[in-house]
Amino acid sequence: MRWHRPCRAGRQKDRPVTQVSANGIQLEVDVLGRPGDPVVMLVMGLGMQLVAWPETFCRSLVEAGYRVVRFDNRDVGLSQKIDTAARVNLPLATMRYFLRLPVAAPYRIDSMAADAVGVLDALGIETAHIVGASLGGMVAQTMAAQYPKRCLSLVSMMSSSGDRRLPPADLKVIRLLLQRPRRGSGTDELVEHFTRLMKAIGSPGFPTPDAELRAKMRIGVERCYHPEGTARQLLAVIASGDRSSQLRGIGKPTLVLHGDSDPLIPLPHGVDCARKIPGAELKVIPGMGHDLAPGLVSILSEAVVGHLAAVRARTATRH
């Protein structure tokens, strides 16, 4: 029998959070900013919800003149869960991946990219700048490759091409990632579990105070806890395999952001992405791990806003 906590809405006081139909499923969407401004779509990573995008980061984009769209990916948060009868066997899937054998999965990264395009359709948005973190970066890459007419530019944060030759995550981090709290754990236990995980993958140069980190984890746990969905998302990454050829076909202005202290997706993955995406700019951030720590927000905001401004300037010059 599967176990998860009931998901509950957490409405924002200053703006609506909306359910939309996208790619045949229901997705939770949050829109911030002025109608008519250029759109920046934010795509979050493995098992993470839209609330994982720092409010200060979102507000900085709005203040720079952009409309921000963020959403819960399928299988997490308040979006639809893709429940299947088959239980996810991640060790077997990983073994098949490294043996270059096919891996069966309920969906792959391209389905998640189609979800994001469906969100744009539902909101009546023709084009957007796409910013993705971790798994969200993989989704964003796929959007830029498969839906170039919908993508103005790409920002790939702490992400990967899936090339098997790249270094794996730190073994300690892998163990923590695959661990699950005991069935029936209360909120406090779940918060402590995710706090330990985030401290393990977090930024050594920008540590988040424990109390602040626990508070952030509590928001996510109380909003929704659905470990089977996270497992299916990870299976989607494994089943999607090496997407290097897809990256080589991206023709949109691209910024690759990666930390030099990332224990989950090490820096060579970011270097590889920038090398394979034609014309991509790589910005390596010293002391950054695999999180969006408060101390990183201004650095990331400045990099992303600068990239968007450069794209806008080039577009204006061509016209």
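Numbers below:
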quantity	calculated
Residue that is surrounded by the fewest Cβ atoms within 10 Å (Cβ to Cβ) [pool: residues in region 108-152 that are assigned to a helix (DSSP H, G or I) and hydroxyl-bearing (Ser, Thr, Tyr)]	Ser111
Enumeration of residues in region 17-66 that are in contact with a Pro (Cβ under 8 Å, 6 or more places away or on another chain), surrounded by fewer than 21 Cβ atoms within 10 Å (Cβ to Cβ) and in a loop (DSSP other than H, G, I, E, B)	Pro54, Gly65
Arg243 being at pLDDT 95 or above, of a type in the set (D, E, K, R) and out of contact with any Ser or Thr (no Cβ under 8 Å at 6 or more places or on another chain)	no
Number of the exception - Gly229 against (1) surrounded by 22 or more Cβ atoms within 10 Å (Cβ to Cβ); (2) touching a strand residue (DSSP E or B) at 6+ places or on another chain (Cβ under 8 Å)	(2)
Unique match (being at pLDDT 95 or above and in contact with a strand residue (DSSP E or B) (Cβ under 6 Å, 6 or more places away or on another chain)) among Leu135, Leu152, Leu166	Leu152
Some residue of region 224-241 being farther than 21 Å from Leu178 by Cα and out of contact with any helix residue (DSSP H, G or I) (no Cβ under 7 Å at 6 or more places or on another chain)	no
Scope region 117-149; condition among the aliphatic types (A, V, I, L, M), closer than 15 Å to Met44 by Cα and in contact with a Lys or Arg (Cβ under 9 Å, 6 or more places away or on another chain); matching residues	Val117, Ile130, Met138, Met143
Search result, residues across region 67-102 that are crowded, with 18+ Cβ neighbours inside 10 Å, of a type outside the set (Ser, Thr, Tyr) and not in a loop (DSSP other than H, G, I, E, B)	Arg67, Val68, Val69, Arg70, Phe71, Ala93
So Ser159, is it under 25 Å from Gly270 (Cβ atoms), in contact with a helix residue (DSSP H, G or I) (Cβ under 9 Å, 6 or more places away or on another chain) and not hydrophobic (A, V, I, L, M, F, W, C)	yes
Flag for Pro278 being within 18 Å of the chain's Cα centre (by Cα), farther than 23 Å from Phe71 by Cβ and in a loop (DSSP other than H, G, I, E, B)	no
Failed item in (1) touching a residue at least 40 places away in the same chain (Cβ under 8 Å); (2) in contact with a Phe, Trp or Tyr (Cβ under 7 Å, 6 or more places away or on another chain); (3) surrounded by fewer than 22 Cβ atoms within 10 Å (Cβ to Cβ); (4) in a helix (DSSP H, G or I), with Ala236 passing the rest	(3)
Pro209 surrounded by fewer than 19 Cβ atoms within 10 Å (Cβ to Cβ), over 24 Å from Tyr107 (Cα atoms) and over 17 Å from the mean Cα position of the chain (by Cα)	yes
Unmet requirement for Ala105, which otherwise passes all of (1) buried (at least 19 other Cβ atoms within 10 Å of the Cβ); (2) within 18 Å of the chain's Cα centre (by Cα)	(2)
Selection from region 284-319 of residues that are buried (at least 18 other Cβ atoms within 10 Å of the Cβ) and farther than 22 Å from Val62 by Cα	Ile285, Met288, Gly289, His290
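The values are calculated or read from the model by the stated rules, or taken from the named source; none is laboratory data. Only a predicted model underlies this, so the values are computations on that prediction, with no experimental measurement involved. Positions of Cβ are generated from backbone atoms using ideal geometry, with glycine treated the same way; all protein chains shown enter the neighbour counts.
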